[in-house]
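Please treat every number below as a calculation from the coordinates, not as lab data. Quick caveat: nothing in here was measured; it's all calculated off a predicted structure. Cβ: placed from backbone, ideal geometry, glycine included. Neighbour counts: every protein chain shown.
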Amino acid sequence: MVVNRSESQVRVKLIDFGIACNTSAVIPGDCLGTIGYCAPEIMLGTPYDEAIDMWSLGLVAVELATGVPLYPGEDDYDVLKFIIETQGQLPDHLLESGLYTDSYFIEDNHNEQRWTFKTPEQFQYETDYRSKETRYIKLKCLDDLEQLLKVRRGLENGQTLFVRLIKEMLALDANQRITPSEVLKHPFFDPGLSRRTPCTDMNSTGDNSLCSLSSLQAGKSHGSQKFSCSFQNSVEFPQKRDINTSANPSASEDDLQITKGTILGDHHVVEAFLGEGGFGLVTRCRDTKNNKTVAIKVNKSDPEILLQAKLEIFILEQLRRLDPDRCNIVEWNGYFLDGERICLNFELLDQSPWDYIGDRNNRGLPMRELRPILHQLANALFHLGSVGIVHADLKPGNIMVVNRSESPVKVKLIDFGLACPASAVIPGDRVGTIGYCAPEVMLGIPYDKAIDMWSLGLVAVELATGVPLYPGEDDYDVLKFIIETQGQLPDHLLESGLYTDTFAAWRLFSGPEKKNKRRSK
């Protein structure tokens, strides 16, 4: 989230720690995060750690640079497909250890390759899910991203280093993925390329980088109309059409019986509706005690939602050790009860990345604006890792611009509803958002924080290009896009995936049933 759009040097914060967890509590196969931003290890169900956040940050960086998500699949299959098509086959050791590898891959040793990604026809026959091509841009490899940025934005200093950083963030093997501390030292952030920002210390990696103890807003989705732009390798771009997917006030008011003027708790007056999800809704409220305006996340009183809200509070309590401003994480002001509903109180941030990009004609962000945003998100993941938390749902909708008027812009990570301790991750637990989840999540492979780095990589591409990279509507489509773009997933991933085999077991996760099993919003 952006802290204050009016500030000249924009600052953002990372928010929403609802599914964050200690790295020591990560359980392989626990599918968390948001499809399209999850790292491969989450989609495949392989053991994972904080590297999943770096994957997500890479996706966020691309999205900030382009204006669209890199892997916008609606299902893990689609996201994996996009990844493979762009980045190549996943390493064998990942596929071998994935709990869900068999759901997406066939072990046939075809063409000197142990694992073969299932065709859309095979996947549809086994699961009844029809893969969809939802990408706004189709890259044959991540190197094409540089040419794409030149076509969309013209030649800018730092584009080559940006693509190099994205490739390191989106390493298919989590063990080879760049870490937040390494990102902060990356040449992309060299002072010769961009001025340092006051919101993050690019040189602090020791004790000085540790934070002192001490609004969620709906994102934009985009139309799928595409037009062609020829250069080097074929890349497709969307003629983007903004669709307001924020809360429907009338529906929200009917479901939760909340209207403008409603008093939540004892002294929070509802002034506007900011967003809506399966959990409930987010409102802008005025605290009558101090006259401050805040964002209140109102969770429904459903038992499962209440349990998730309590888990989010647990994560947010862990994050109190971090300075929200220095760590680019949304500031949490505590919680209160409104009847049987749990209400979370957050600082009010300015606007979503999509609104921010929309103010710039939906063409993606120039390197000079993308660089500080990507650095701040990497900073947020670095500090999440320092306290053993995996965000697990990194995507543009969970990033907010603090103040659109600041230059450089500052952002914050929000929505920790799916975050969890890295030590508590469960392989096979389907979390995240389709199109942003890492392959390990879709395949049911044990995963870790690397799934966040996968998501960040997709976000980075989307911000840079203006369109998502793997916009599948189902995991099958996403996997298909990944394979078509990045190549076959590694055998070790497919071998260890809970969902790799057929999707006979996948039927349990297809359609509405499957989507309910993914802990996302």
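A few notes on this one:
- Within the range 1-94, the percentage of alpha carbon pairs spaced more than 19 angstrom apart rounds to 47%.
- In terms of overall dimensions, the C-alpha atoms belonging to the range 380-473 reach 42, 32, 18 Å along their principal axes, ordered largest to smallest.
- Across the range 114-166 the C-alpha pair distances fall into 5 Å bins from zero in the proportions 4, 16, 17, 15, 11, 11, 12, 9, 4, 1 percent.
- Simple label model, 7 Å out from Cα along Cβ direction - residue 121 to residue 336, nm: 6.1 nm
- Two-decimal Rg/Rh across the range 373-422, once Rg and the Kirkwood Rh are taken from alpha-carbon atoms: 1.00
- Per principal axis, descending, Cα span of the range 336-379 in whole Å: 47, 26, 12
- Relative frequency of Cα-Cα separations exceeding 22 Å in the range 330-415, percent: 33 percent
- Sorted largest first, extent of the range 65-177 alpha carbons per principal axis (Å): 46, 30, 24
- Residue order, fewest to most surrounding Cβ atoms within 10 angstrom, among 300, 260, 480, 138: 260, 300, 138, 480
- Net charge of Cβ neighbours under 12 Å - reference residue 452; Lys, Arg +1; Asp, Glu -1: -4
- For the range 253-334, Kirkwood radius (reciprocal of mean inverse C-alpha pair distance, Å): 13.9 Å
- For the listed peptides 330-338, 371-379, 39-47, a ranking on the average number of other beta carbons within 10 Å per residue, highest first, reads 39-47, 371-379, 330-338.
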